[in-house]
């Protein structure tokens, strides 16, 4: 077959505009790079920080640049158990990203479906769903997550459950607002007059058109999830000590801060901040591009 | 003939867009006499509204007035400082828009808004100001004006809101009102009331008007002169009746012939094929060439404005002869 | 000639609206409910959009529905298209209700399709043209998935667009082209009745003629039955066989289009025809029109009796209290004139 002509899809137009912002493009590259490093961690790190038998206590609390007993350089130093900080950061990022993305995805699907269903059907269903969500939004997300994490105990899935519960309401609220606007547009009436089924109208027509504000909320919420997960782990409510995420690394190094061994806490902290800032920069650009009021 | 009020010469307003320079207004010239109503007609994207905004210097980036002059009683408005321009706006030239809710402040009573408009240009006592407001409201056909001064915009119907907007435009007895589709959003029966009223007001106050619209028939019902715009240029102008009886530009002719009034019911309408070209990257050829049934090799160059008495046309092949 | 195009007379109308009304009541807020429980009077603000309308649409005819904005013509059109259920009364296609029963009724037929006013709003911006046109026919089994491409191409061609248009998105088209797409989407469902709600109102003048010509061609080639809603009297006169004039939720006059235009019997029809500036040379005046006095009353609180009595030059006492009505005779002969007025202009 001959190649099809280049169609100016909305996605392509969007990408071209995104590309023209150097700051956002840089931030996106950072995000992609961090995710790539985290995914590839088992293959590129010199040490598996979770393999307790490989850790040498003699190498504990060494400053950056120290050449350890295994023969490689600890560029960012080691922690109290003799873990290579750089390796621990990459593994920690891996856990953080994995958990926040999973939680974000579940919260997104759940929230978007609830919001769209509420907007489509209206009446009692809408009132019920939206009141519950309003009630929940009146509590701080962190409080909700703390209580849940404490109740459910340690582990990946309890943590994800806590994050989803704390965040799905934001997605539901945003979707509901956008979907209520889309619901009254002519193209939905056109779909109703064809007629198409309710589920088709909701999932094929209303939801895709609610995506722009949802994507903005999603970027913010993923960054929030990473921070929230780090907070919970920092407080000891997150993952078990054997699988340290970034928050726990920071917490572990905290007691050595005053004795001058700054690297145990600071470097994981920097990694966390860089990731969150980069995601937010990308999110800002996406929001600017998707918000018609800020355009031109 | 009365004295010249406004002279627009070679006015060009361009928008610097991502995809290139958009020539929204391209070398537009016309003259407006005191008390005269001139109609500016064109389809969406023809540059008629931008022309109106350019006269007032209300062009925001990425738009820019790149050339031309606008003289109000001999005073050049292009390049005038912003404070001086503000003094001209509202006092000497005012504007009425399609949607009155964009000009009326929803949280102020119309009395307050009208007093503010007055105080911007002169100092008046409260009584004198109220008397002026009531007088103007009565003139635009709002009954019980004294009581309505305390009303808020949402307490008026759409037609009444537009009357209030017109009253505010008339408040300082401007020499010129630029009306941008003032009746398009209104119902037909209300539109007729406002059209008639505006015509009388222009006569009573001696106010000149530029009436911008896409609707040939409403423009023709108020204006004495007609300017037809297409793709950023004035392609034909002249006295209304004369121009509508014998349109000389193929576009004007096509537009008039395509109205349902000009065919018997159920029969196909005479249609202009195609659509207006993009205003980005207009070439040297006549902008109408691809839709024109008269075009030939000559039309590959942009035609100059030709004149015959009070009529002007920008076409290589105008219908009637004797063009200079 | 008009006679040659006259619709085939049948006894039974294809689409029948019987004493249909539609009220819109905005949802009360939680606070309003509490105020209601506490015995406070809550302002319901019910809009009486359509008020007891009876109307027949016969096979093969084009019926015009004309009126000012807010007169309820769009709401009536949407009830006939099966988008809104009537609050009272019925809408039946060949004797079968257009919408199902229940609290959230759904449209039960694909034989009525609709074309909307604003082609920038009526096409899903994220769906390719081909999918927009092919979706309905696929879902309802009018075409099988293997042939949908050719099917869509055929309808694109019918409305004067190239087959390649199927791959593009709505934003890549001009207003006129989008309206062609919207027409193709409606036609691809192979409807018996096409409801057109102001289909040319948002288009530029030079494009309007193109779309009107397209409708005229489609009407002949596909033998369409159409309801053509417009505020533009010129367009209605050109397009329709019969016309119904609406004022504030009611039909005030109906009859064969040219008869109604040449000899309006209801004072409102007369005033409406007079108030439109038209480029017709009559004597020395180039543009002739007269204004109707007064404002359009609010549909939140329509006046008692005849809705037009506040603006009517011929008003009498009876007009202010008793509604003049012709909806008692739902099966009206096609050629007849009907006027809801005690003192029609003869």
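Worth pointing out:
- Region B:1-110 shape via C-alpha gyration tensor axes, a/c threshold 1.5: rounded
- Region B:233-324: relative contact order as a whole-number percent, Cα under 8 Å and 6+ apart: 34 percent
- For the options B:114, B:80, B:95, a Gaussian network treatment of chain B with springs between C-alpha atoms closer than 10 Å singles out B:80 as fluctuating the most.
- Inter-probe distance in nm under a simple model that places probes 7 Å from Cα toward Cβ, at residue B:144 and residue A:215: 5.3 nm
- Using the Cβ-Cβ distance between residue C:157 and residue B:4 with R0 = 60 Å, the FRET efficiency computed as 1/(1 + (r/R0)^6) comes to roughly 0.60.
- Between region B:140-162 and region B:106-126, the Cα center-to-center distance that results, in Å: 15 Å
- Between region B:1-43 and region A:88-144, the alpha-carbon centres lie 54 Å apart.
- Where labels lie 7 Å past Cα in the beta-carbon direction, separation of residue A:106 and residue B:31 in nm: 8.0 nm
- Rounded tilt (10° steps) of A:22-39 against the dominant C-alpha axis of chain A: 60 degrees
- For chain A, the fraction of C-alpha pairs farther apart than 28 angstrom is 49 percent.
- Prolate/oblate/rounded label for chain C (Cα gyration tensor, a/c 1.5): oblate
- Contact order, relative form, for chain C: 20 percent (alpha carbon pairs under 8 Å, 6 or more residues apart, mean separation divided by residue count).
- Cut-off 19 Å (backbone N to label point 7 Å along Cα→Cβ of residue C:94), residues of region C:213-247: C:222-227
- Euclidean distance between Cα centres, region A:236-296 to region C:189-264, Å: 63 Å
- Scaled radius of gyration (Cα, divided by 2.2 N^0.38 Å) that region C:126-189 gives: 0.99
- Helix content alone sets the calculated 222 nm mean residue ellipticity of chain A: runs of n ≥ 4 DSSP H residues at -39500 (n - 2.57) each, divided across all residues, give -22500 deg cm²/dmol.
- On full extension, the segment bounded by residue A:151 and residue A:80 gains 22.6 nm, given 0.36 nm per residue less the C-alpha separation.
- Estimated from helical segments only, the mean residue ellipticity of chain B at 222 nm is -8500 deg cm²/dmol, where each DSSP H run of four or more residues counts as -39500 (n - 2.57).
- Anisotropy class assigned to region C:185-254 is oblate, per the alpha carbon gyration tensor with a/c at or over the 1.5 cut-off and a/b no larger than b/c.
- Mean Cα-pair separation over length for chain A, i.e. relative contact order, pairs under 8 Å, 6 or more apart, %: 22 percent
- Residues listed by number, region A:93-131, amide nitrogen under 14 Å from residue C:33 label point at 7 Å toward C-beta: A:122-131
- Dividing the summed helix terms, -39500 (n - 2.57) for each DSSP H run of n ≥ 4, by the number of residues in chain C produces a 222 nm estimate of -8000 deg cm²/dmol to the nearest 500.
- With both labels modelled 7 Å from their Cα along Cα-to-Cβ, the residue A:58 to residue B:127 distance reads 10.5 nm.
- Between the helical axis of B:158-170 and the longest alpha-carbon principal axis of chain B there is an angle of about 80 degrees.
- Modelled FRET efficiency - R0 25 Å, residue C:222 with residue C:69, Cβ distances, 0.05 increments: 0.25
- Using R0 = 30 Å, the C-beta based FRET efficiency linking residue B:199 and residue B:267 works out to 0.30.
Any read-out appearing in this document is the output of simple, stated calculations on the displayed coordinates, not a laboratory observation. Remember, predicted model here, so these are calculated numbers, not experimental data. With ideal geometry, Cβ positions are generated from the backbone for all residues, glycine too; neighbour counts draw on all protein chains shown.
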